[in-house]
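Note sheet for the following structure.
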Amino acid sequence: MLNFKEEVVEIINSKIEELEEKEIRKLIEVPPSYDMGDFAFPVFSLAKIFRKAPPQIAEDLVGSFGDNEYFEKIEAKGAYINFFVDKEKLIESTLEEIKDKKDRYGSSDIGEGKKVIVEFSSPNIAKPFHIGHIRTTVIGNSLYKIFTFLGFDTVSINHLGDYGTQFGMLISAFKKWGDREVIEKDPINELLKLYVRFNKEAEEDEDLKDEARYWFRELENKNEEALELWKWIREISLNEFNRVYDLLNIEFDSYAGESFYSDKMPAVIDELNEKKLLEESEGAYLVDLEEYDMPPALIMKKDGSTLYTTRDIAAAFYRKEKYDFYKNIYVVASQQNLHFKAWIKIVELMGHEWAKDCIHIPFGMVSLEDGTLSTRRGRVVYLEDVLNKAIDNTRKIIEDRNPDLENKEEVAKQVGIGAVIFQELFNQRIKDYVFSWDRTLSFEGETGPYVQYTHARINSLLERGNFDLDEEVDYKLLKTEEEINIARLLYEFPRTVIDSMEKYEPFFVTRHIVEIAQAFNRFYNSTTINTEDKELKKARLTLAFTVKTVIKTGLSLLGMEAPERM
Ligand code: ARG
């Protein structure tokens, strides 16, 4: 495909030996509006070289360029040189490329041979999988897809919270009051009840606390009874979580959770010891991080049991060994910023330069319109319920608007779930946001259903027009402002995917496909696409086809489906 920016680099480079290509590339800007050109090159920095006023430099340079087939106009404006791309070339090269690559348009091999781990979701066993978990799950899944699309060798890991002292409590509680049959009917709620009751009674009863500690230690020592109970709790919890992953169409390459590292921690503690990083404090062991403005990180408790931090360090070591990652990414809420900063620092202090490749990708909080979420106050909103409600609401809307639609159930699922995912990925991840049903399920404006609907609309347009991909197209026929705008956005799609990867921000893709859908609908409303003029119709349908293709790819990178009809 043509790369207009590189053409600009080349033109400038051929006239100014003093600047390196790299520097030129960095200086090139995109003007605020298209009537100022597609690219602009500021000449301020050349004043020293040419010893002339910038406007004069711009003028002289433009005069020296001569004609160029990629740009219909190159003009000097003040201290800038503005480049206007040749629209015909833009349209032809972009559309041909999409026709050729189809759902691989925008993909690349820049990640070839590089292993990237994306750790995401990671809920805690025996606890509700609630709306608060949606962010890590959806953002992580999208990043995983984006990295994969760009040729990286990706691994998705669900670092299940399946270990820790709370399992001592659960085992004790189960032994006292538990009933397998009752629990299996409604695992998470029943386990949560046990957990809450245990905590409450333990407030007044030191013995209970000791008991819980005892059972956690037994678990670490691989006591058969403890191990069996723990396995069972893990399994029934995971069955519950899998219903959510099925709805979202998410699978993980690995479910190695915290427990997986239980036998890998002694080596970490030994190494910390050897490197003189461990300090004793009242029988417990910690790493002092005062120098780095962080509180001390607890590595081992007085009773010998290990902690969340220890397990994360052990997990990072294991991953380096097993995967030899290029990047090891953690999609985890910003509440855990300090935790990640601390343990990654510790790995660095241990002398492992790959610590810098462990990257925490934080995100802000999600709350509901009627207040924040809190597990402790018992006002938990289950993620599964949210997803099912979205499907129900969508089913009603379809019943209302398009009752004859085939496979309504499947479409209701694709659109309902898609709506939730889309809203989730619409903003910069670090922003807190309030979940809104109205916004999520709207078929208007910047929503998932709107984009999916545009995709389905194009599909029926192509069917009605008997679109044939293999026919020759006269691209010169596409020249209205609406058509050119669409081509520009399609041209920029591959760059957007790379931006998303580099900044770990799926929302660039989300916004971009909304813009494409909006540009298409402007075109749709102002133009007769299936016109009498056969050549013109072919050209316009080709444009529509390329829009449909790119929207579908964009949606898939977000983890969404693109129904053909809705
Ligand atoms: N299970 C933890 C929680 O729900 C998240 C785990 C994040 N990942 C990690 N490697 N620490 O808060």
(request) Please go through the range 47-58 and pick out each residue that is surrounded by fewer than 17 Cβ atoms within 10 Å (Cβ to Cβ), part of a helix (DSSP H, G or I) and not aromatic (Phe, Trp, Tyr). (result) 47, 48, 49, 55, 56
(request) Could you tell me whether residue 35 is of a type outside the set (S, T, N, Q) and in a helix (DSSP H, G or I)? (result) yes
(message) Return the residues of the range 313-339 that are closer than 25 Å to residue 424 by Cβ, more than 19 Å from the chain's Cα centre (by Cα) and within 11 Å of the ligand (Cβ to nearest atom); say none if nothing qualifies.
(response) 339
(request) Please identify the pairs in which a residue from the range 132-152 that is farther than 13 Å from residue 502 by Cα has its Cβ atom under 7 Å from the Cβ atom of a residue that is at pLDDT below 95 and within 15 Å of the ligand (Cβ to nearest atom), counting only partners at least 6 apart or on another chain. (result) 132/366; 132/373; 133/383; 134/366; 134/383; 135/366
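Residues are listed down the side, and each one gets a yes or a no for (1) touching a residue at least 40 places away in the same chain (Cβ under 8 Å); (2) of a type outside the set (Asp, Glu):
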residue: 1; (1), (2): yes, yes
residue: 11; (1), (2): yes, yes
residue: 35; (1), (2): no, no
residue: 38; (1), (2): yes, no
residue: 56; (1), (2): no, yes
residue: 68; (1), (2): yes, yes
residue: 73; (1), (2): no, yes
residue: 76; (1), (2): no, yes
residue: 83; (1), (2): yes, yes
(request) For residues that are over 34 Å from the mean Cα position of the chain (by Cα) and outside any helix (DSSP H, G or I), scanning just the range 161-209, find the one that is nearest to residue 307 (Cα to Cα). (result) 205
(message) Pairs needed: first member in the range 287-315, without any contact (Cβ under 8 Å) to a residue 40 or more places away in the chain; second member anywhere, more than 16 Å from the ligand (Cβ to nearest atom) and among the hydroxyl-bearing types (Ser, Thr, Tyr); C-beta distance under 8 Å; at least 6 residues apart or different chains.
(response) 296/281; 298/285; 299/285; 300/285
(message) Conditions first: (1) in contact with an Asp or Glu (Cβ under 9 Å, 6 or more places away or on another chain); (2) modelled with pLDDT of 95 or more; (3) among the charged types (D, E, K, R). Residue 69 passes all but one, so which condition is the exception?
(response) (2)
(message) Just to be sure I understand, how many residues within the range 90-143 are among the aliphatic types (A, V, I, L, M), modelled with pLDDT of 95 or more and within 12 Å of the ligand (Cβ to nearest atom)?
(response) 2
(request) Only residues that are surrounded by fewer than 21 Cβ atoms within 10 Å (Cβ to Cβ) and in a loop (DSSP other than H, G, I, E, B): list them for the range 474-490, please. (result) 474, 479, 480
(message) Residues to consider are 454, 447, 440, 375; find the one that is at pLDDT 95 or above, hydroxyl-bearing (Ser, Thr, Tyr) and either within 27 Å of residue 124 (Cβ to Cβ) or out of contact with any Ser or Thr (no Cβ under 6 Å at 6 or more places or on another chain) (or both).
(response) 454
(request) May I ask you to say which residue of 237, 262 is in contact with a helix residue (DSSP H, G or I) (Cβ under 7 Å, 6 or more places away or on another chain), touching a residue at least 24 places away in the same chain (Cβ under 8 Å), within 15 Å of the ligand (Cβ to nearest atom) and more than 30 Å from residue 346 (Cα to Cα)? (result) 237
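The values are calculated or read from the model by the stated rules, or taken from the named source; none is laboratory data. If you're wondering where the values come from, they're calculated on a predicted model, not measured in any experiment. Note: ideal-geometry Cβ built from the backbone for every residue, glycine included; neighbour counts use all protein chains shown.
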